[in-house]
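Before any comments, here is the structure.
Where a number appears in this text, it was derived from the coordinates with a stated rule and is not lab data. Small disclaimer: the values here were computed from a predicted structure and weren't measured. Quick reminder, even Gly has a Cβ in these numbers, built from the backbone with ideal geometry, and neighbours come from all protein chains shown.
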Amino acid sequence: MTRLQWRDEYSIGIADIDYEHRELIGLINDLIDGIAEDSADAVMDHLGEIYARIAAHFALEEKIMRERNYDQYADHKADHDRLLDAIRDIMDEYDDDASLDNDEFVDRLDHWFTDHFRTKDARMHKQLSTA
């Protein structure tokens with residue numbers, strides 16, 4: 001099965017955030033590994049945990065951006081909202097027919113992680129570390 005892989009290009013240079021990003025990728029890979037063996041309820045629970053952990057991570061990033069008056073807050077938050085909506089859509093689709101296309105799931109998240117970490121998070125780090 002295709003798994004989401006950590007790439008150096010995902011690193012933004014803040015150890016704690018990079019660690020948390022790696023943890024989120026690990027959580028997604030745990031789901032991928034268990035799709036074939038787990039019950040539909042277990043997969044939904046795992047999707048719910050992924051959603052909750054990513055939402056909590058985003059809330060922390062957004063709090064930091066607001067506190068520091070980050071100039072790209074609205075755009076960055078909108079990107080967070082798009083990913084949460086995509087995960088919610090995946091959950092709804094799975095709930096409807098209890099199937100998850102592993103390759104599509106990984107491709108969607110891999111594309112988002114690549115774009116978001118490399119652009120939005122890297123820019124945020126650069127701006128906030130010089131502020």
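Kindly evaluate Asp110 against the criterion of being out of contact with any Asp or Glu (no Cβ under 6 Å at 6 or more places or on another chain) and loosely packed, with under 13 Cβ neighbours inside 10 Å. Even if it seems obvious, please write down each step before you answer.
Details: out of contact with any Asp or Glu (no Cβ under 6 Å at 6 or more places or on another chain): yes; loosely packed, with under 13 Cβ neighbours inside 10 Å: no.
Spelling it out, it is not the case that Asp110 is out of contact with any Asp or Glu (no Cβ under 6 Å at 6 or more places or on another chain) and loosely packed, with under 13 Cβ neighbours inside 10 Å.
Just checking, how many residues over the stretch 56-85 are surrounded by fewer than 15 Cβ atoms within 10 Å (Cβ to Cβ) and assigned to a helix (DSSP H, G or I)? Counting residues in the stretch 56-85 that are surrounded by fewer than 15 Cβ atoms within 10 Å (Cβ to Cβ) and assigned to a helix (DSSP H, G or I) gives 14.
The listed residues are Arg53, Arg3, and the only one of them that is touching a helix residue (DSSP H, G or I) at 6+ places or on another chain (Cβ under 9 Å), more than 30 Å from Thr130 (Cα to Cα) and either of a type in the set (D, E, K, R) or not in a helix (DSSP H, G or I) (or both) turns out to be Arg3. In summary, Lys63 fulfils each of the numbered conditions (1) over 24 Å from Gln5 (Cβ atoms); (2) under 12 Å from the mean Cα position of the chain (by Cα) with the single exception of condition (2). For the stretch 1-51, filtered to residues that are surrounded by fewer than 12 Cβ atoms within 10 Å (Cβ to Cβ) and among the hydroxyl-bearing types (Ser, Thr, Tyr), the residue that is nearest to the chain's Cα centre (by Cα) is Tyr19. Only residues that are over 23 Å from Ile64 (Cα atoms) and part of a helix (DSSP H, G or I) were counted in the stretch 88-129, giving 20.
Condition check for Asn69 on (1) polar (S, T, N, Q); (2) farther than 14 Å from Ile12 by Cα; (3) within 11 Å of the chain's Cα centre (by Cα): one failure, at (3).
The set of residues from the stretch 27-78 being of a type in the set (S, T, N, Q) and in contact (Cβ under 8 Å) with a residue 24 or more places away in the chain comprises Asn29, Gln72.
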